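Peer 1: Mind looking over this structure? Questions follow.
Throughout, read-outs are computed from the coordinates displayed, never taken from laboratory work. What you see is a predicted model; the values in this text were computed from it and never measured. Glycine gets a Cβ as well: all are built from the backbone with ideal geometry, and neighbour counts include every protein chain shown.
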DNA sequence: AGTCAAACCTGGGCGC
DNA sequence: TGCGCCCAGGTTTGAC
């Protein structure tokens with residue numbers, strides 16, 4: 001389940017291997033992943049382009065290409081971008097293969113076929129799914145308590161739904177939402193409009209801390225997630241609540257409660273979170 | 001504006 | 001061992 005820390009880790013693992021590489025051919029094995037054009041146009045447009053740089057916005061990866069286009073990739077739940085040698089056999093669920101000038105390949109693998117790929121003119125982000133509507137980048141330097149206060153203003157509803165809404169804050173998914181709420185001592189179903197200033201400050205600190213930790217430990221490898229070299233992260237070893245429903249809270253020993261909030265499996269501590 | 005459910009897709013875990 | 005069933009999850013879409 002790639003969220004901000006996982007996508008950031010994929011980006012960092014791909015950068016040294018891909019920046020400056022030229023795309024010399026593309027095999028489309030499953031065209032459904034390409035969302036804004038047909039596979040023939042996609043392949044034709046990409047051939048001979050150079051990958052100038054790779055960046056991240058929320059859970060989206062942006063490959064800035066020569067001649068002013070950007071390849072936008074969203075991994076959704078099970079998508080993987082992997083660097084492989086030509087001779088390595090293709091694993092099942094390999095949907096796209098980019099042949100690189102250096103001799104290696106970039107492969108897009110996705111068991112559930114939920115991943116999204118767009119090829120757009122750089123800057124035309126409105127043509128790349130939800131990319132143009134993303135809220136602020138929570139690990140950016142300019143994401144301050146005031147910015148959080150601004151996006152919370154006049155909003156109502158459950159705190160977890162807010163954290164998961166990419167239009168409010170970019171990059172938080174189900175795992176980090178639960179971890180953030182536990183650290184902040186706030187219940188997932190807590191209503192935004194009832195938060196006081198110290199609680200908003202705690203929420204701010206938890207957002208920054210948990211996402212930073214996630215990046216530091218190179219992401220959470222619960223099911224499929226690996227970086228561009230196929231390496232797992234280790235944040236799953238540090239999870240406090242996610243996937244621990246019914247087990248004792250690591251702070252107070254109370255059994256953690258599993259529920260559904262905002263349509264998502266959710267775990268929280270009834271004693272530590274209010 | 002918020003809330004909820006359905007849809008997309010497949011593999012893993014469960015009970016029998 | 002094998003079958004059927006349900007669940008997980010990010011995001012969009014549509015209904016209320």
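Peer 1: Can you sort A:27, A:142, A:110 by how many other beta carbons sit within 10 Å, fewest first? Could you put the intermediate results ahead of the total?
Peer 2: On the way: A:27 15, A:142 8, A:110 24.
Ascending Cβ contact count within 10 Å gives the list A:142, A:27, A:110.
Peer 1: Please state, rounded to one decimal and in Å, the Kirkwood hydrodynamic radius that segment A:151-214 gives when every pair of distinct Cα atoms enters the mean of 1/r. Before the final figure, lay out the partial values.
Peer 2: Values: mean 1/r = 0.0868 Å⁻¹.
About 11.5 Å, per the Kirkwood formula over Cα pairs.
Peer 1: Something else about it: Angle between the Cα long axis of helix A:174-184 and the longest principal axis of chain A, 0 to 90 degrees, nearest 10?
Peer 2: Taking the Cα atoms of chain A, the angle to A:174-184 is about 30 degrees.
Peer 1: If you average the C-alpha positions of segment A:78-121 and of segment A:184-200 separately, how far apart do those two centres end up, in angstrom?
Peer 2: That distance is 41 Å.
Peer 1: With each run of n ≥ 4 DSSP H residues scored as -39500 (n - 2.57), what mean residue ellipticity at 222 nm is computed for chain A after dividing by its residue count and rounding to the nearest 500 deg cm²/dmol? Mind dumping the intermediate values first?
Peer 2: Details: 6 runs with 68 residues, N = 274.
The helix contribution divided over chain A gives -7500 deg cm²/dmol.
Peer 1: Still on this structure, please answer the following. Applying 1/(1 + (r/R0)^6) with R0 = 30 Å to the Cβ-Cβ distance of residue A:250 and residue A:201, what FRET efficiency is obtained, to the nearest 0.05? Working shown, then result.
Peer 2: On the way: r = 23 Å, r/R0 = 0.76.
With a Förster radius of 30 Å, E is 0.85.
Peer 1: Going by how many other beta carbons lie within 10 Å of each one, how would you line up A:90, A:274, fewest first?
Peer 2: Values: A:90 14, A:274 11.
Least to most surrounded, the residues fall as A:274, A:90.
Peer 1: Using only Cα atoms and rounding to the nearest 10 degrees, what angle (0 to 90) does helix A:4-18 make with the longest principal axis of chain A?
Peer 2: The angle comes out near 20 degrees.
Peer 1: So, in nm, how far is label residue A:237 from label residue A:114 when the simple model puts each one 7 Å beyond its Cα toward the Cβ?
Peer 2: The answer from the label model is 2.7 nm.
Peer 1: What FRET efficiency comes out for the pair residue A:141/residue A:101, r = Cβ-Cβ distance, R0 = 51 Å, nearest 0.05?
Peer 2: Numbers: r = 35 Å, r/R0 = 0.69.
With a Förster radius of 51 Å, E is 0.90.
Peer 1: For residue A:36 and residue A:64 in one chain, what is 0.36 nm times their gap in residues minus the Cα-Cα distance, to one decimal in nm?
Peer 2: Values: separation 28, 0.36 × 28 = 10.08 nm, distance 1.70 nm.
Full-extension gain reported as 8.4 nm.
Peer 1: Using alpha carbons only, what's the Rg to Rh ratio of segment A:145-268 with Rh from Kirkwood?
Peer 2: Numbers: Rg = 14.5 Å, Rh = 15.0 Å.
Taking Rg over the Kirkwood Rh, I get 0.97.
Peer 1: Also, I was wondering about something else. I'd like the FRET efficiency for residue A:87 and residue A:132, computed as 1/(1 + (r/R0)^6) with the beta carbon distance as r and R0 of 51 Å, rounded to 0.05. Provide the component values of the computation, followed by the final result.
Peer 2: Numbers: r = 40 Å, r/R0 = 0.79.
In this case the efficiency is close to 0.80.
Peer 1: Over chain A, what is the relative contact order in percent, taking alpha-carbon pairs closer than 8 angstrom and at least six residues apart? If you can, show how the numbers build up before the last one.
Peer 2: On the way: 564 pairs, mean separation 52.3, N = 274.
Reported relative contact order: 19 percent.
Peer 1: Sticking with this one: Give me Rg/Rg_expected for segment A:89-160, where Rg uses Cα atoms only and Rg_expected = 2.2 N^0.38 Å with N residues.
Peer 2: On the way: Rg = 18.7 Å, N = 72, 2.2 N^0.38 = 11.2 Å.
Here the answer is 1.68, to two decimals.
Peer 1: Hey, another quick one. Calculate the radius of gyration of the Cα atoms of chain A to one decimal place, then report Dmax, the largest Cα-Cα distance, as a whole number, both in Å.
Peer 2: Every Cα atom of chain A included, Rg and Dmax give 19.7, 59 Å.
Peer 1: To continue, here is another question. Pull out a ≥ b ≥ c, the square roots of the eigenvalues of the alpha-carbon gyration tensor of segment A:3-69, then state rounded if a/c is under 1.5, prolate if not and a/b is larger than b/c, and oblate in the remaining case. Provide the component values of the computation, followed by the final result.
Peer 2: Working: a/c = 2.04, a/b = 1.34, b/c = 1.52.
It is oblate, given that a/c is not under 1.5 and a/b is not larger than b/c.
Peer 1: With 10 angstrom as the radius, rank A:96, A:239 by how many other C-beta atoms surround their C-beta, starting from the fewest. The partial results should precede the final answer.
Peer 2: Details: A:96 25, A:239 20.
The fewest-first ordering by Cβ neighbours comes to A:239, A:96.
Peer 1: Moving on. Using a ≥ b ≥ c from the Cα gyration tensor of segment A:4-133 (square roots of the eigenvalues), is it rounded, prolate or oblate, where a/c under 1.5 gives rounded and otherwise the larger of a/b and b/c decides, a/b for prolate? Kindly include the intermediate steps, with their values, before the conclusion.
Peer 2: Values: a/c = 1.22, a/b = 1.14, b/c = 1.08.
Rounded, since a/c falls under 1.5.
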